[in-house]
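Notes follow the structure.
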Amino acid sequence: MDTPILHDKARDLWVVPVRHHSPVCAAHLERLIAEVRPAAILVEGPCDFDPLITSLCDPRTRAPVAIVSLREAGEGQRLRRAASYFPFCAHSPELVALTAATAAGTPARFIDLPSTAREWRGESEERPDRSLLGSEQGFTVGDYVTALARELGCRDGNEVWDQLFETRLAEDYWQGFFADVAQYCACIRGASDPADMAADGTLAREEQMRRIITAARGEVEGPIIAVVGGFHAGAIFAEDPGKPIAAKPGAGRSYLICYGMRQLDALRGYGAGLPLPGYYQRVWEARGDGLAGLATDLVTGFAAHLRAGKGETPPFPVIANAIEQAERLASLRRRPFPTRDDLIDAVRSSFIKDEIPEAGAPLLAELHAWLTGTALGEVPPGTGSPPLVEAVRTQARALGYSTEDGERRTRELDIYRKPRHRAASRFAHAMTLVGTTFADRTGGPDFRNDVGLDRLHEVWAVCWSPLVEARLIELSEAADTLPEALAFVLAERIAALSEQGKGRNALAAIDLFAAACRAGLGREAEAILGLIEEQVIEDPELPSVIAALADLILLRRGRDTLGIEDVAPLDRLTQTAWRRMVLLLPELADQGQDQVAGAVQALADLRGVVELAKSSAAPVDLALVDTAMAELLERPLEPMIEGAITAFALMGGQIAADVLETRLRGELASGYVDPRARLAFLGGVIMIARELLWTLPAILDALDDVITGLDEAQFTELLPYLRLALMPLDPREVDRLAEDVAARAGAAPGSLRIDIGIPQSEFAENLALDRELAEVLARDGVA
Amino acid sequence: MDNDTPAIRPPAEARYAAELARLAAEDNAPKPDGWHLSPRAVRKFLLGDAKAGVNRKFYGDDPLVDRAIVSLMSHQGLMLVGEPGTAKSLLSELLAAAISGTSGLVVQGSAGTTEDHIRYGWNYALLLAEGPSERALVPSPVLNAMRSGRIVRFEEITRCPPEVQDALISILSEKALALPELGPDAVASAAPGFNVIATANLRDRGVHEMSSALKRRFNFETVHPIADPEFERELVLKQLAERLGPAGVTVAGEREVAEVLVRTFQDLRTGRTAEGASLNRPDAVMSTAEAVNVMHAAALEAAYLDNGRLSAAHVARQLQGVVLKDSPEDGKRLRAYVDHIVKERAGRSGAWKDFYQAARALKLG
């Protein structure tokens, strides 16, 4: 055999095949390093990460952590984007190797292509959470692994790995262990398509590894250890004097961040690492004390988790049976201790006393989540994470938010009475505004819909996660503190708003203003008011100006909730918008047929705004609207708009009731060809002020007169449009109107309502019977 | 009983007597008390072992078999639940045969099952003549299993009224049954090796729910239909051969036809075709066992009433009987499947074309 399997004696080079996040590989690697005493340790991983090794191995660093690398800023972007992650957990062989090197003062370095290399991008370019761990798909898919699983009675490649290797944690003979891993990986590689390896960058990466190893061989005396994914092990023994590819200076930047078990598990989507890292973490921690108690620890641990989290207490016999089950399954499957699948099988048999649907049971999902773990790692201050991340983390902790784990928690904030809660609320709003996923407001005062303004509490769902840190790292190029980051983001958003077609979107600007105020940026946010003003001044559409006005008045009303300290600029803006609205009002006279409905709706909204302005004492000149309406009435208008404006004028007191009545009678009796047109005026009146139907009897009088003058055919023709005109009424209002009409016709108010007292269906049957009887009677000439 | 007449279907321990004997001879792993084979040998018996010359008998879910074996070693009973026709009874028969050497201790659950079927009854002639005595006592299969340390099978447990089911509770927890008629201290204690395998049908849910006290004494295993079409096809063909072989019937062309049949069953069972189209699932049971029945009937038709060449048309004609069992709506659902999905496939292969033409002629309402 040409290629050495583990140790190339001639070059004194050990190539150690590992699987990412495998405790058994980590444990044997520890033994190997202790025995070989290497002069240098080389680890698979982007070579531009070398400067972070010191931080990574700092005794205060607690795994899981990850190195995040930022991609070059794209065209027109000011910030680099977090592009990819290289995660480590406590039982990562890579981390164990680097830690051992640091402890012994042995030089250590990464030997893979730089994180900015084209080969890393592949098809996952667009994913924000790309992994820089090499793919380990060969361990889980492919004919070789499938056949092996069938042979061994395992359900998948991961169980095969557990069966063949993870069970050997307590062995001492690391030579035999790694020789077997190498053999296994060589078989997997043998079953892989070389074309794929070229396409996904594997071959290019291996060339880089060979070159860096060759270079390192020239630099140090004594044994060298290279820790690489088992898949590559056989391919990197060969000498290669070529020049390794170095990172482009300034192209990318990388930081060490806290990482989470959950994210670690999620990265498996790329085929790297073992599933359910929380399980392996426990195995790793228990390795010293032997693994005899593993099943007991895990099952009772899960039971305690259910008790604490869900308030469910599994009965003792169930727990005892599950432990027994796990141990017996392990023994049946010839394993020295229960592996992941044994444990899951045991819980499945013992805990769930019912059918398990194919989609899975909630309890099993809970078990998966628990075995995944929620722990977050820790990166000590001043060791590779940028100042912004540290500042925000400190601030979060000071405000009582947990940054210890990735658990989602609910926090209720008493925002008016407790200053600390108010600060916590501002922090949460600020984190939302800068674009992190830290906080999600699930309840509290809502200015936009004018509801709950008197509510005292805000409810937030908060979760500190690596994604939060990743976003902060992106921002760290622009800011060192949260207020700076806020100012930066706000400026960006304002710039974006002013670029997106001017005068188009005052509403988005108002939302941004409210968000900024809530984040405690009242002063800085005033710049947005200028923007809104620009947009309102140039807005040619009456409906959108009215909508903006409604929002502005609501904003003013909710000023305490929003934390707006100085209301004067807002007042000025409201007045500007008000004037703009008054300026646009005369245009209603020139509306085309197709714009009538929109114009009437805008007028209806305007009436709402006027009421809102009155009730909240907004500093606007209400008389301006009245004058504009009066002037409009002088001009020829579409009947529906005229009806709406007449009603408006009547409400404002510019015209008397009889003016409306005369106009209405004229319209109803008019000679329009289309009967719809005859009712348009009434429709306009009802859209603006339907209460006139019962407060102004003249309207009904007029209707009554017109309808009684119609013959059956004319009435039938008019009826659908009459109904259409009355559509805006709600059922209560319809009842009320009907009673008025009944009283007018001399009927008792209650006589209109038929209380049937029998079920609908029976009533319908009776009606049918009635009809049938009538027919029979008619046929027989008895009717 | 006359032992010379061959049984239509001998019990598992008779059918696989040679395999069981081989496994027992080679079995040197430790056995739980009362077990005829070690757990590993039981596993081999069910899942097959080429080296020992043992065929696979249960398909689709190997970890389930492991869990079932381990549950039977514990204090808990084993409850197999699942859709009809998912080989629950077969699994319980094989487990009982391998572990206890007999699969014949069975209580068949039905509305008429009484406590006597679970505890014991009396030979009334002897009871009147001698009074209560061991001789007059007629033990139930459960009591027999307790005394001999074997596995008793309780089929379709949810078909019994709950109060009858609950007679099992004390037997499972105490592993003993009081026999008060034989004296104040008369107790039948279960010998090591005793356990219960119950099966319950999900379609019967709501007929009789199980009490939670009873549920707690079982470990539940859900047996799902086989998801892998290739696997299911192999299984159907294998079982077809097992049925046709003894009758000396041979047909041709069964592989292609089995593919059409299994595809159809999988589509109707899951409500989604391999191409990703959705369809309405019939209420009727579309199990592998039903598929075998359809193949069997179609093969007999081909062999005896036709030229001996099995075609998809034979299968299509048998499908009507399967699908129209439960609800008339199912006919419409099958019609829609034929009109849209099968028609599409008919253009691509001869077998699907045969299937389509025959299925269109069916009266499906």
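Would you call residue B:93 modelled with pLDDT of 90 or more, of a type in the set (Asp, Glu) and crowded, with 21+ Cβ neighbours inside 10 Å?
Here the answer is yes, as residue B:93 does meet what is asked.
Just give me the residues in the stretch A:211-258 being in a strand (DSSP E or B) and either among the charged types (D, E, K, R) or under 30 Å from residue A:387 (Cβ atoms) (or both), in sequence order. I'd like the intermediate steps shown before the answer.
First, the residues of the stretch A:211-258 that are in a strand (DSSP E or B): A:224-229, A:253-258.
A:253, A:254, A:255, A:256, A:257, A:258, listed by residue number.
Examine the stretch A:316-326 for a residue that is in contact with a Pro (Cβ under 7 Å, 6 or more places away or on another chain), in a helix (DSSP H, G or I) and either open to solvent by 30 Å² or more (accessible area, probe 1.4 Å) or away from chain B (no Cβ under 14 Å) (or both), and state whether such a residue exists.
The initial filter retains those residues of the stretch A:316-326 that are in contact with a Pro (Cβ under 7 Å, 6 or more places away or on another chain), namely A:326.
Subset that is in a helix (DSSP H, G or I): A:326.
If we keep only those that are either open to solvent by 30 Å² or more (accessible area, probe 1.4 Å) or away from chain B (no Cβ under 14 Å) (or both) too, we end up with none.
Among the residues of the stretch A:316-326, not one is in contact with a Pro (Cβ under 7 Å, 6 or more places away or on another chain), in a helix (DSSP H, G or I) and either open to solvent by 30 Å² or more (accessible area, probe 1.4 Å) or away from chain B (no Cβ under 14 Å) (or both), which makes the answer no.
Run down A:198, A:186 and say which single residue is of a type in the set (Gly, Ala, Ser) and touching a residue at least 12 places away in the same chain (Cβ under 8 Å).
Of A:198, A:186, the one residue that is of a type in the set (Gly, Ala, Ser) and touching a residue at least 12 places away in the same chain (Cβ under 8 Å) is A:186.
Within 20 Å of residue A:637 (Cβ to Cβ), of a type in the set (S, T, N, Q), modelled with pLDDT of 80 or more and assigned to a helix (DSSP H, G or I), is that true of residue A:716? Working first, answer last.
Details: within 20 Å of residue A:637 (Cβ to Cβ): no; of a type in the set (S, T, N, Q): yes; modelled with pLDDT of 80 or more: yes; assigned to a helix (DSSP H, G or I): yes.
In short, no.
Restricting to the stretch A:600-626, and then to whatever is within 37 Å of the chain's Cα centre (by Cα) and open to solvent by 20 Å² or more (accessible area, probe 1.4 Å), can you tell me which residue is farthest from residue A:581 (Cα to Cα)?
This residue is A:616.
Quick one: how many residues across the stretch A:404-429 are at pLDDT below 85, in a strand (DSSP E or B) and surrounded by fewer than 14 Cβ atoms within 10 Å (Cβ to Cβ)?
So the count comes out to 0.
Of all residues in the stretch A:327-343 being more than 9 Å from every other protein chain (Cβ to nearest Cβ) and of a type in the set (A, V, I, L, M), which is surrounded by the most Cβ atoms within 10 Å (Cβ to Cβ)?
A:343
Here is a check on your reading of the model: is residue B:129 within 30 Å of residue A:338 (Cα to Cα) and either touching a helix residue (DSSP H, G or I) at 6+ places or on another chain (Cβ under 8 Å) or in the same structural domain as residue B:54 (by TED's automatic domain parsing) (or both)? First the steps, then the outcome.
Details: within 30 Å of residue A:338 (Cα to Cα): no; either touching a helix residue (DSSP H, G or I) at 6+ places or on another chain (Cβ under 8 Å) or in the same structural domain as residue B:54 (by TED's automatic domain parsing) (or both): yes.
No; evaluated as a whole, the condition is false for this residue.
Identify, by number, the condition in (1) part of a strand (DSSP E or B); (2) surrounded by fewer than 18 Cβ atoms within 10 Å (Cβ to Cβ); (3) hydrophobic (A, V, I, L, M, F, W, C) that residue B:152 doesn't meet.
The one condition residue B:152 does not meet is (2).
Out of B:125, B:52, report the one residue that is farther than 16 Å from residue B:194 by Cβ, of a type outside the set (Phe, Trp, Tyr) and either modelled with pLDDT of 95 or more or open to solvent by 20 Å² or more (accessible area, probe 1.4 Å) (or both).
Sole residue among the options that is farther than 16 Å from residue B:194 by Cβ, of a type outside the set (Phe, Trp, Tyr) and either modelled with pLDDT of 95 or more or open to solvent by 20 Å² or more (accessible area, probe 1.4 Å) (or both): B:125.
Examine the stretch B:231-242 for a residue that is within 14 Å of chain A (Cβ to nearest Cβ), more than 30 Å from residue A:347 (Cα to Cα) and in contact with a helix residue (DSSP H, G or I) (Cβ under 7 Å, 6 or more places away or on another chain), and state whether such a residue exists.
Scanning the stretch B:231-242 turns up no residue that is within 14 Å of chain A (Cβ to nearest Cβ), more than 30 Å from residue A:347 (Cα to Cα) and in contact with a helix residue (DSSP H, G or I) (Cβ under 7 Å, 6 or more places away or on another chain).
For the structure I just gave you, tell me whether residue B:106 is β-branched (Val, Ile, Thr), crowded, with 21+ Cβ neighbours inside 10 Å and at pLDDT 90 or above.
no
Here are A:292, A:304: which of them is open to solvent by 10 Å² or more (accessible area, probe 1.4 Å) and under 40 Å from the mean Cα position of the chain (by Cα)? Walk me through how you get there before you give the answer.
Values: A:292 fails: under 40 Å from the mean Cα position of the chain (by Cα).
It is A:304.
Please verify whether the stretch B:101-112 includes one or more residues that are within 10 Å of chain A (Cβ to nearest Cβ) and of a type in the set (S, T, N, Q).
First, pick out the residues of the stretch B:101-112 that are within 10 Å of chain A (Cβ to nearest Cβ): none.
Scanning the stretch B:101-112 turns up no residue that is within 10 Å of chain A (Cβ to nearest Cβ) and of a type in the set (S, T, N, Q).
Look through the stretch A:350-365, keep the residues that are facing chain B (nearest Cβ under 7 Å) and either assigned to a loop (DSSP other than H, G, I, E, B) or within 32 Å of the chain's Cα centre (by Cα) (or both), and return whichever of them is modelled with the lowest pLDDT.
Looking at the filtered set, the residue picked out is A:358.
So in the stretch A:454-478, with the set limited to residues that are part of a helix (DSSP H, G or I) and open to solvent by 10 Å² or more (accessible area, probe 1.4 Å), which one is farthest from residue A:441 (Cα to Cα)?
Initial filter on the stretch A:454-478 (part of a helix (DSSP H, G or I)): A:466-475.
Those still in the list that are open to solvent by 10 Å² or more (accessible area, probe 1.4 Å) too: A:467, A:471, A:474.
Working: A:467: 18, A:471: 19, A:474: 23 Å.
Per the criteria, the residue is A:474.
Counting residues that are within 22 Å of residue B:256 (Cβ to Cβ) and either among the β-branched types (Val, Ile, Thr) or touching a strand residue (DSSP E or B) at 6+ places or on another chain (Cβ under 7 Å) (or both), which helices (runs of 4 or more DSSP H) fully inside the stretch B:295-365 reach at least 2? It would help to see each step written out before you state the result.
On the way: elements: B:312-323, B:329-337, B:343-346, B:350-360.
Answer list for the stretch B:295-365: B:312-323.
Quick check, is residue A:690 surrounded by fewer than 14 Cβ atoms within 10 Å (Cβ to Cβ), in contact (Cβ under 8 Å) with a residue 40 or more places away in the chain and of a type in the set (D, E, K, R)?
Against the criterion (surrounded by fewer than 14 Cβ atoms within 10 Å (Cβ to Cβ), in contact (Cβ under 8 Å) with a residue 40 or more places away in the chain and of a type in the set (D, E, K, R)), residue A:690 does not qualify.
Against the definition (among the aliphatic types (A, V, I, L, M), part of a helix (DSSP H, G or I) and at pLDDT 85 or above), how does residue A:371 come out, yes or no?
So residue A:371 passes the test.
So which of A:262, A:217, A:253 ends up being within 21 Å of residue A:53 (Cα to Cα), among the charged types (D, E, K, R) and modelled with pLDDT under 85?
A:253
How about the stretch B:271-294: which of its residues are free of Cβ contacts under 8 Å to residues at least 24 places away in the same chain and either surrounded by 19 or more Cβ atoms within 10 Å (Cβ to Cβ) or not in a loop (DSSP other than H, G, I, E, B) (or both)?
Those that are free of Cβ contacts under 8 Å to residues at least 24 places away in the same chain and either surrounded by 19 or more Cβ atoms within 10 Å (Cβ to Cβ) or not in a loop (DSSP other than H, G, I, E, B) (or both): B:272, B:278.
Anything in the stretch B:175-210 that is assigned to a loop (DSSP other than H, G, I, E, B) and within 11 Å of chain A (Cβ to nearest Cβ)? List them, or say none.
B:205, B:209, B:210
Could you grab the pairs with beta carbons closer than 9 Å, sequence gap of 6+ or different chains, first residue in the stretch B:64-86 and within 7 Å of another protein chain (Cβ to nearest Cβ), second one part of a strand (DSSP E or B) and open to solvent by 10 Å² or more (accessible area, probe 1.4 Å)?
Short answer, once both residue conditions are applied: B:81/B:201.
I'd like the residue in the stretch B:213-226 that is outside any helix (DSSP H, G or I) and more than 8 Å from chain A (Cβ to nearest Cβ) and, out of all such residues, is farthest from residue B:270 (Cα to Cα).
B:217
Within the stretch A:519-546, track down each residue that is open to solvent by 20 Å² or more (accessible area, probe 1.4 Å) and touching a Phe, Trp or Tyr at 6+ places or on another chain (Cβ under 9 Å).
Passing the criteria: A:520, A:526.
Does residue B:266 satisfy the condition of being assigned to a helix (DSSP H, G or I), more than 14 Å from chain A (Cβ to nearest Cβ) and buried (at least 16 other Cβ atoms within 10 Å of the Cβ)?
no
The values are calculated or read from the model by the stated rules, or taken from the named source; none is laboratory data. All values reported here derive from a predicted model rather than from experimental measurement. Cβ atoms come from the backbone with ideal geometry, glycine included; neighbour counts cover every protein chain shown. These area figures cover heavy atoms from the full protein model, side chains too; ligands, DNA and RNA do not enter into them. Shrake-Rupley method; radii C 1.70, N 1.55, O 1.52, S 1.80 Å.
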